[in-house]
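The values are calculated or read from the model by the stated rules, or taken from the named source; none is laboratory data. Predicted model, so just to flag it, every value in this text is computed and none were measured. Please note: Cβ atoms are built from the backbone with ideal geometry, for glycine as well, and neighbour counts cover all protein chains shown.
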Amino acid sequence: MRPTVFIQANARQMLGAKISAFSYSRNSKRSGDFDVHIMDAADYPRLMQPGQSILRGGHVRGWDPDDLQSFTPLRFAPPTLMGFKGRALVTDPDCFGVADVAELLFDHDLGGKAIAAVPRPGHNKDPDYIATSVMLLDCAQLEHWDFEPLLDRLFARDLDYVEWMQLKYEDRSTIAALPPKWNSFDRLEPGTGILHTTKRRTQPWKSGLPVDYTLRESGPLDLFRRFVNRRYEPHPDQRQEAFIYALLAEMVDGGVLTKDELVSEMAAKHIRHDSLDLIERYRGWALIEQAA
């Protein structure tokens, strides 16, 4: 099997996934040697069924197929899609290639491990947190990730969603640590490999739009936001906005995405309404050339 980058997506995040896919190919010198595939939650009927529930953090929660992050179970689909052969890189749709991902797919030494991901100790109050939003996978060692049976277990509440997402069911000896540059959380700097605009509220292509995801924050300021300020906020680093829209400009100029498609996404409130203006502003932005 050809090494493949898999990007999770649903309708709300499909445009982000398309920009992500473009970035991985655009910023690789070996783009002809690997495939890039967007996994759409809509193509998996089990994920789209209403009225289901899951176990999440020990509590039964309703499953919303229309939630902004309904794609997350797809993190575990690539080994099945690869026929349990070869290497796969799976990422969230708000992850963008800055450096050459071929370094991961072809050159990174897994040391015999099945999974490599960036440790994030202390995140979500978990001292052993692993960020599965970007994972390098040796699919031959992951036959137990047969995807449909995993979904059966999820919706039978045999798997706890939180523990599943954090690889708590895996033998820790099979998990290697990726260098932090390959899942760089809202940090765009020299050496960044994959930029992850991980804070949902500040995703650069959604600034100003109404929040369209389930708010689970619990602090006093977050409670205020829940009822009063339910809009995406500008990203604190304008360079990340510039990076995204420079990529988007190249996509439009190259016919990868048409202006009509972009206008439709704007009408659906999947991307901010001033996107055409931002494309003009950031077309050819210098960091794109630095990342090539």
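Quick one: in the stretch 122-136, which of the residues that are in contact with a strand residue (DSSP E or B) (Cβ under 9 Å, 6 or more places away or on another chain) and part of a loop (DSSP other than H, G, I, E, B) is surrounded by the most Cβ atoms within 10 Å (Cβ to Cβ)? Quick ask: steps written out before the conclusion?
Within the stretch 122-136, the first condition is being in contact with a strand residue (DSSP E or B) (Cβ under 9 Å, 6 or more places away or on another chain), and the residues that meet it are 123, 128-136.
Remaining after also requiring part of a loop (DSSP other than H, G, I, E, B): 128-129.
Working: ASP128: 13, TYR129: 16.
Top of the filtered list is TYR129.
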### Among the residues listed as ASP277, ASP212, ASP253, the single one being modelled with pLDDT of 95 or more, in contact with a Lys or Arg (Cβ under 9 Å, 6 or more places away or on another chain) and surrounded by fewer than 19 Cβ atoms within 10 Å (Cβ to Cβ)
ASP253
### Message
Quick check on my filter: what residues within the stretch 223-241 are in contact with a Leu (Cβ under 7 Å, 6 or more places away or on another chain) and either at pLDDT below 85 or of a type outside the set (Asp, Glu) (or both)?
### Response
ARG226, ARG231, TYR232, ARG239, GLN240
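Yes or no: LEU262 of a type outside the set (Asp, Glu), assigned to a helix (DSSP H, G or I) and over 28 Å from GLY191 (Cα atoms)?
Values: of a type outside the set (Asp, Glu): yes; assigned to a helix (DSSP H, G or I): yes; over 28 Å from GLY191 (Cα atoms): yes.
Yes, satisfied.
Criterion first (surrounded by fewer than 17 Cβ atoms within 10 Å (Cβ to Cβ), hydroxyl-bearing (Ser, Thr, Tyr) and farther than 20 Å from THR132 by Cα) does SER53 satisfy it? It would help to see each step written out before you state the result.
Numbers: surrounded by fewer than 17 Cβ atoms within 10 Å (Cβ to Cβ): yes; hydroxyl-bearing (Ser, Thr, Tyr): yes; farther than 20 Å from THR132 by Cα: yes.
So SER53 passes the test.
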#### Entry: Lone unmet requirement of (1) closer than 25 Å to MET48 by Cβ; (2) in a helix (DSSP H, G or I); (3) not aromatic (Phe, Trp, Tyr) for GLU103
(1)
### Query
Do we find that TYR161 is touching a helix residue (DSSP H, G or I) at 6+ places or on another chain (Cβ under 8 Å) and free of Cβ contacts under 8 Å to residues at least 12 places away in the same chain in this structure?
no
#### Entry: Complete set of residues in the stretch 106-121 that are in contact with a strand residue (DSSP E or B) (Cβ under 8 Å, 6 or more places away or on another chain) and in a loop (DSSP other than H, G, I, E, B)
HIS108, LEU110, GLY111, LYS113, ALA114, ARG120
### Query
Condition test on SER25, is it touching a strand residue (DSSP E or B) at 6+ places or on another chain (Cβ under 7 Å), in the same structural domain as SER133 (by TED's automatic domain parsing) and surrounded by fewer than 19 Cβ atoms within 10 Å (Cβ to Cβ)?
yes
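Would you check if THR198 is surrounded by 15 or more Cβ atoms within 10 Å (Cβ to Cβ), modelled with pLDDT under 95 and in contact with a strand residue (DSSP E or B) (Cβ under 7 Å, 6 or more places away or on another chain)?
Numbers: surrounded by 15 or more Cβ atoms within 10 Å (Cβ to Cβ): yes; modelled with pLDDT under 95: yes; in contact with a strand residue (DSSP E or B) (Cβ under 7 Å, 6 or more places away or on another chain): yes.
Considered against the rule, which asks whether it is surrounded by 15 or more Cβ atoms within 10 Å (Cβ to Cβ), modelled with pLDDT under 95 and in contact with a strand residue (DSSP E or B) (Cβ under 7 Å, 6 or more places away or on another chain), THR198 comes out as yes.
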### Task
For LEU104, indicate whether it is among the aliphatic types (A, V, I, L, M), farther than 26 Å from GLU189 by Cβ and under 19 Å from the mean Cα position of the chain (by Cα).
no
### Query
What number of residues in the stretch 145-178 are closer than 21 Å to LYS125 by Cβ and in a helix (DSSP H, G or I)?
6
